[in-house]
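Data first, discussion second: the structure below is written as structure tokens.
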Amino acid sequence: MKKLISTLAERRSTEAGFTLVELLIYSVLSVVVLLIVGGILINSLRVERSVREASQASSAGQLVASSVSLGVRNASGIWQSAPGVVPQILMVRTVGSAETPNWRCQAWSYDNGEVRTKYSTGAISMIQTSTSVKSWMILAEGAQPLIVAAVPAPVFTVAGRRVDLALDMSTGAGRPVLISTSSVSRQPTTSIGGLPTCFP
């Protein structure tokens, strides 16, 4: 009889399952684990997004730098809009890389975070507005001028046959990517003049 009672007690104990306290402890532990895993996943996604945005900003900035550098190096003439004029305009009379020289006019604009460019076999108007440059080919968005002594510095700066380009490319919540280059015309002064006449 005692053996039977002992067996029934063991079976009842086995079938009793978890107590309420144990269930609460397991639930709390499960929530903690899920929070940790969720936090790691969210941080990973944030890092991935930051890296992607920085890469995109850098690529856009390098595209602008490459475009300006190529145009200026092959330029026989360089012109820049007056300080404070919006949009900022840089214009060159430049030659292509084909075996037969093909001179053309090329201009770049900076306005409201956008850098755009335009090519033409004829003169490009030196007077532009925020509306008129919207039809130009866009090179980058999210560009901002450097701040020097609390004042926005020019994106394009012309000094003789040299052009300096300086801007910050926005990466969203991260630190902006600095794009700063200098390009010098390699064209001989004998190439000055001729057609097209891009500017006076």
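What follows is calculated from the coordinates using simple rules that are stated; it is not laboratory data. What you see is a predicted model, and the numbers here were worked out from it, not measured in a lab. All Cβ positions, even for glycine, are placed from backbone atoms using ideal geometry, and neighbour counts span all protein chains on display.
Couple of notes before you dig in:
- Rounded to 10°, Cα long-axis angle of helix 2-15 versus longest principal axis of the chain: 20 degrees
- Integer Hz, Karplus 6.51/-1.76/1.60 couplings in order for region 123-134, x for Gly and Pro: 5, 9, 4, 7, 9, 10, 10, 4, 6, 5, 6, 4
- Remark: the Val151-Val28 segment gains 38.8 nm on full extension, using 0.36 nm per residue and subtracting the alpha carbon distance.
- Proxy reagent accessibility, fewest Cβ within 10 Å first, across Thr197, Thr94: Thr197, Thr94
- Calculated log₁₀ intensity ratio I(q)/I(0) where the Debye formula runs over C-alpha points of the chain, q = 0.13, 0.19 Å⁻¹: -0.77, -1.28
- Angle of helix 20-73 to the longest C-alpha principal axis of the chain, folded into 0 to 90 degrees and rounded to 10: 10°.
- The convex hull of the Cα atoms of region 126-197, projected and averaged over all directions, covers 7.3 nm².
- Residues in region 100-115 carry Karplus couplings, in order, of 8, x, 10, 6, 7, 9, 9, 9, 10, 10, 10, 7, 6, x, 10, 10 Hz; the curve used is 6.51 cos²θ - 1.76 cosθ + 1.60 with θ = phi - 60°, and Gly or Pro positions show x.
- Inter-centroid distance (Cα atoms) of region 94-136 relative to region 61-91, Å: 9 Å
- Helical runs (DSSP H, four residues minimum) scored at -39500 (n - 2.57) apiece and divided by the length of the chain put the mean residue ellipticity at 222 nm at -12500 deg cm²/dmol.
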